[in-house]
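Enquirer: Below is the structure I would like to discuss, written out as structure tokens.
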Protein chains: 2
Amino acid sequence: MNIDMIRAAQKRIAGHIRRTPLLNSPFIDEMAGRRVWIKPECLQHTGSFKYRGARAAVSALSEAELARGVIAYSSGNHAQGVALAAREHGATAVIIMPADAPRVKIDNTRALGGEVVLYDRAAGEDRDALGAELSASRGLTLIRPFDEPQVIAGQGTAGLEIADQAREAGISDADVVVCCGGGGFASGIALALEAEAPGLRVRPCEPAGFDDMARSLATGRQCRNATPSGSLCDAIVSPQPGELTLPVLLRLAGPGLVVTDNEALSAMAAAFSHLRLVAEPGGAVALAAALFRQDEIDGDDVIVTISGGNVDAGVFQTALHRNMA
Amino acid sequence: MNIDMIRAAQKRIAGHIRRTPLLNSPFIDEMAGRRVWIKPECLQHTGSFKYRGARAAVSALSEAELARGVIAYSSGNHAQGVALAAREHGATAVIIMPADAPRVKIDNTRALGGEVVLYDRAAGEDRDALGAELSASRGLTLIRPFDEPQVIAGQGTAGLEIADQAREAGISDADVVVCCGGGGFASGIALALEAEAPGLRVRPCEPAGFDDMARSLATGRQCRNATPSGSLCDAIVSPQPGELTLPVLLRLAGPGLVVTDNEALSAMAAAFSHLRLVAEPGGAVALAAALFRQDEIDGDDVIVTISGGNVDAGVFQTALHRNMA
């Protein structure tokens with residue numbers, strides 16, 4: 001993994017991904033006690049940064065690989081990114097999703113042309129065996145959600161944009177709080193910033209109870225979560241940091257930040273009121289850290305990602321209701 | 001009013017306003033039966049396009065005028081735009097607002113430094129007399145919400161952006177559906193498009209029961225609404241078209257489009273689900289027209305504005321609830 005791969009990915013996906021803006025609000029600044037710059041990847045195609053990596057990975061495949069098709073495992077955002085990127089390349093995409101994934105994500109993945117195969121994670125159905133069987137019988141290429149160089153390179157294009165936008169805004173020294181699951185987004189951004197804006201430092205942010213990355217960064221070794229699921233921030237829950245992502249983040253990022261589900265809901269309400277953006281719980285944890293972990297962040301400025309905005313209306317209503325109460 | 005004023009306004013406000021993107025979604029396209037391009041002014045500073053005109057007007061004042069301060073009448077979005085633009089110029093802003101304006105807009109106007117004076121429109125309190133008295137005693141300069149050349153010029157900068165973005169997207173011929181109250185936004189955009197993208201035609205859109213502009217465009221003379229208020233789309237209700245705006249729109253725009261409050265709510269839900277944007281009812285009428293007035297729109301592409309995103313959480317929940325039902 002290196003900056004050249006990120007620059008190559010940027011060239012390959014230019015004109016297909018959206019260059020998301022860097023937003024701010026005087027109201028958010030006041031709540032956070034410092035200037036907060038928001039990178040809204042909820043405005044990316046398919047509603048999350050995952051499309052960057054999916055498009056970068058699918059566009060790197062050979063004609064023969066595209067003709068056979070691709071396969072991905074995902075609780076939703078990677079699923080939609082891969083489905084759209086595959087459709088744009090005329091390729092079949094088989095997506096293995098947990099049956100209890102948010103309905104809106106399953107529906108959207110199908111609507112984007114993805115061939116969705118559901119499995120029951122609570123009943124212990126073996127996702128990997130299911131995928132291996134399908135993959136072998138049909139010759140599908142697996143697009144991993146984070147531990148995949150081209151995916152990390154694609155996510156890193158957001159870091160190149162952040163470096164440019166921070167320079168334009170006159171920010172040379174700040175924490176960049178990034179919503180973190182397996183660490184693909186965080187490590188791609190960290191590599192881009194190392195090359196383009198070395199005064200900016202990635203701070204991965206996770207939901208409480210699923211802080212495998214924060215513990216791994218603190219201890220220097222790969223820690224696992226105690227349970228596989230159960231957070232409202234389902235989009236960014238992974239069992240453990242990736243083999244490729246953890247070394248990058250140990251070298252370039254941290255310490256990790258951890259917020260509660262309720263804090264993520266409050267951040268969703270703040271994004272609604274002051275940024276007019278729809279964030280999903282897992283997409284709002286970095287903004288939650290800026291609002292509720294002020295003492296753990298350094299400097300007059302902080303950059304945060306909103307990583308995704310695919311949220312069931314009922315969950316969103318819960319966030320608004322908390323805010324009104 | 002001419003294109004030179006719009007270009008001059010653009011130079012004056014460059015670096016202060018946001019150049020909002022042009023977004024789309026395959027889901028919205030499918031619902032609308034054609035390609036829909038969305039200009040999300042809900043992402044503008046203060047949450048609506050009104051900041052463009054306010055900044056353009058305030059930045060055109062002399063030092064002596066700024067030292068005395070400004071005054072504006074507004075149900076909320078113009079209020080916030082003027083309050084912020086005045087604060088940025090170190091000027092006082094007195095904002096006369098109806099006491100029944102949405103709470104969030106009153107609160108935000110105060111938080112942006114506006115000196116809010118409430119009046120009771122239902123009880124027949126005379127807003128104009130109140131404003132004239134304050135204005136005379138303090139020497140305040142009135143910033144009209146739409147019938148003011150510098151405000152129209154500022155709103156027209158959105159039209160310059162649309163012209164550029166349409167060119168980049170390869171669109172040379174399309175309707176541009178614009179949320180319309182007094183017609184400042186619509187006429188500014190129409191003048192910009194006349195000069196920069198003559199194949200694009202403005203179609204003002206209003207809420208049912210408050211379609212003064214549509215009737216004025218159809219009859220060629222200034223028509224009034226029967227009642228002063230009562231639409232969920234409060235942000236874009238004005239008694240009649242402006243003296244400056246109507247001639248521009250009679251020459252360059254129309255016919256008008258009209259949607260119901262319920263259609264505006266459904267458009268809000270579509271913006272939530274597929275664009276991850278928060279739109280207020282009046283800000284969503286143009287998208288509603290693309291979704292529900294397909295037969296009245298021409299061409300393979302349509303451009304629509306989302307003009308504002310300042311909405312009480314309760315109203316937003318109503319929109320989401322309708323969508324879930």
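The values are calculated or read from the model by the stated rules, or taken from the named source; none is laboratory data. Everything numeric in this text was worked out from a predicted model, so none of it was measured. Positions of Cβ are generated from backbone atoms using ideal geometry, with glycine treated the same way; all protein chains shown enter the neighbour counts.
Enquirer: Please go through region A:92-105 and give me each residue that is within 14 Å of chain B (Cβ to nearest Cβ) and either β-branched (Val, Ile, Thr) or more than 19 Å from A:VAL70 (Cβ to Cβ) (or both), ordered by number.
Expert: Residues of region A:92-105 that are within 14 Å of chain B (Cβ to nearest Cβ), as a first pass: A:102-105.
Across region A:92-105, the qualifying residues are A:PRO102, A:ARG103, A:VAL104.
Enquirer: Another one. Look through B:ASP300, B:ASP261 and report the one residue that is at pLDDT 95 or above, of a type in the set (D, E, K, R) and farther than 16 Å from B:GLY181 by Cβ. Explain how you work it out, then say what you get.
Expert: On the way: B:ASP261 fails: farther than 16 Å from B:GLY181 by Cβ.
On inspection, the qualifying residue turns out to be B:ASP300.
Enquirer: Residues in region A:49-81 that are over 16 Å from A:ARG12 (Cα atoms), among the aliphatic types (A, V, I, L, M) and either crowded, with 22+ Cβ neighbours inside 10 Å or not assigned by TED's automatic domain parsing to the domain that holds A:ALA129 (or both): how many?
Expert: Summing the residues that are over 16 Å from A:ARG12 (Cα atoms), among the aliphatic types (A, V, I, L, M) and either crowded, with 22+ Cβ neighbours inside 10 Å or not assigned by TED's automatic domain parsing to the domain that holds A:ALA129 (or both) in region A:49-81 gives 4.
Enquirer: Under the condition of being assigned to a strand (DSSP E or B) and in contact with a Leu (Cβ under 9 Å, 6 or more places away or on another chain), which residue from region A:77-102 is farthest from A:ILE143 (Cα to Cα)? Steps first, answer last, please.
Expert: Filtering region A:77-102 down to residues assigned to a strand (DSSP E or B) leaves A:93-98.
Cutting the leftovers down to in contact with a Leu (Cβ under 9 Å, 6 or more places away or on another chain) gives us A:93-94, A:96-98.
On the way: A:ALA93: 10, A:VAL94: 10, A:ILE96: 11, A:MET97: 14, A:PRO98: 17 Å.
Looking at the filtered set, the residue picked out is A:PRO98.
Enquirer: Any chance region B:82-95 includes a residue that's β-branched (Val, Ile, Thr), crowded, with 24+ Cβ neighbours inside 10 Å and under 16 Å from the mean Cα position of the chain (by Cα)?
Expert: There is at least one residue in region B:82-95 that is β-branched (Val, Ile, Thr), crowded, with 24+ Cβ neighbours inside 10 Å and under 16 Å from the mean Cα position of the chain (by Cα).
Enquirer: Taking the condition of being facing chain B (nearest Cβ under 8 Å), in a helix (DSSP H, G or I) and not polar (S, T, N, Q), how many residues in region A:276-325 meet it?
Expert: 6
Enquirer: Quick one: in region B:112-137, which of the residues that are part of a loop (DSSP other than H, G, I, E, B) and in contact (Cβ under 8 Å) with a residue 24 or more places away in the chain is farthest from the other protein chains (Cβ to nearest Cβ)?
Expert: Just the residues of region B:112-137 that are part of a loop (DSSP other than H, G, I, E, B), to begin with: B:112-114, B:120-126.
If we keep only those that are in contact (Cβ under 8 Å) with a residue 24 or more places away in the chain too, we end up with B:112-114, B:121.
Details: B:LEU112: 7, B:GLY113: 10, B:GLY114: 13, B:ARG121: 25 Å.
If we take residues in region B:112-137 being part of a loop (DSSP other than H, G, I, E, B) and in contact (Cβ under 8 Å) with a residue 24 or more places away in the chain, then B:ARG121 is farthest from the other protein chains (Cβ to nearest Cβ).
Enquirer: May I ask you to list the residues in region A:262-275 that are within 21 Å of A:LYS50 (Cβ to Cβ) and either more than 9 Å from chain B (Cβ to nearest Cβ) or of a type in the set (Asp, Glu) (or both)? Let's see the steps before the verdict.
Expert: So the first thing to find is which residues in region A:262-275 are within 21 Å of A:LYS50 (Cβ to Cβ), and the list is A:264, A:267-268, A:271, A:275.
The answer is A:ALA264, A:ALA267, A:MET268.
Enquirer: Hey, among B:SER238, B:SER266, B:SER307, B:SER273, which residue is of a type in the set (Ser, Thr, Tyr), without any contact (Cβ under 8 Å) to a residue 60 or more places away in the chain and buried (at least 16 other Cβ atoms within 10 Å of the Cβ)? Explain how you work it out, then say what you get.
Expert: Details: B:SER238 fails: without any contact (Cβ under 8 Å) to a residue 60 or more places away in the chain; B:SER307 fails: without any contact (Cβ under 8 Å) to a residue 60 or more places away in the chain; B:SER273 fails: without any contact (Cβ under 8 Å) to a residue 60 or more places away in the chain.
After applying the criteria, what remains is B:SER266.
Enquirer: What is the one condition in (1) closer than 19 Å to B:ASP312 by Cβ; (2) more than 14 Å from chain A (Cβ to nearest Cβ); (3) of a type in the set (Ser, Thr, Tyr) that B:THR109 does not satisfy?
Expert: It fails just one condition, (2).
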